[in-house]
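The values are calculated or read from the model by the stated rules, or taken from the named source; none is laboratory data. What you are looking at is a predicted structure, and each value in this text was computed from that prediction instead of being measured. Don't worry about glycine lacking a Cβ; one is built from the backbone with ideal geometry, like all the others, and counts go over all protein chains shown.
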């Protein structure tokens, strides 16, 4: 079989480990002793990602950072602030070097997002609010936005 007809290498991805690197939940409403009767939360979610090569061959670490802010629509007061950094270590083979960066920042976060979503839901519920089920994150759009931001910063 010639090299031209050889099948592309099979992509293999395994999650080696997942962990909460940092977690903070501040229930501002309870701290102020406010009445929770007239609360209409406006939820804002900020997401950022970071990826790095690990010393072990074919291993990469991806960190997802979420900042969830809830503000009361009635009086614009803060209700709660949740910040979580969630890490995962992946063993990845078969991804060409020029495609590794988008793979790490799109496919890897997509794979472990359900675990982050569950933690956010549990923490908000345990913190005295209805469980917050994060909407699915479009990691491809997030990646494209970051590329556009970097291109614009490079042209400035």
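Checked against the criterion of being surrounded by fewer than 17 Cβ atoms within 10 Å (Cβ to Cβ), modelled with pLDDT of 95 or more and in a strand (DSSP E or B), the candidates 15, 62, 47, 56 yield just one match: 15. Of the residues screened, residue 132 is not one that is in a strand (DSSP E or B), touching a helix residue (DSSP H, G or I) at 6+ places or on another chain (Cβ under 6 Å) and either farther than 22 Å from residue 17 by Cβ or modelled with pLDDT under 95 (or both).
Annotation: residue 145 fulfils all but one of (1) in contact with a strand residue (DSSP E or B) (Cβ under 9 Å, 6 or more places away or on another chain); (2) at pLDDT below 95; the unmet one is (1).
Just need a number here: residues in the range 65-78 that are in a strand (DSSP E or B) and either closer than 17 Å to residue 30 by Cα or in contact (Cβ under 8 Å) with a residue 40 or more places away in the chain (or both).
Matching residues across the range 65-78 total 7.
When we screen 112, 116 for residues that are closer than 16 Å to residue 68 by Cβ, surrounded by 15 or more Cβ atoms within 10 Å (Cβ to Cβ) and touching a strand residue (DSSP E or B) at 6+ places or on another chain (Cβ under 7 Å), the only hit is 116.
Within the range 102-114, not a single residue is closer than 15 Å to residue 23 by Cβ, free of Cβ contacts under 8 Å to residues at least 12 places away in the same chain and within 13 Å of the chain's Cα centre (by Cα). When the criteria are applied in full, residue 53 fails the requirement of being more than 24 Å from the chain's Cα centre (by Cα) and over 20 Å from residue 122 (Cβ atoms). Applying the set (1) in a loop (DSSP other than H, G, I, E, B); (2) at pLDDT below 95; (3) surrounded by 17 or more Cβ atoms within 10 Å (Cβ to Cβ) to residue 34 leaves exactly one unmet item: (3).
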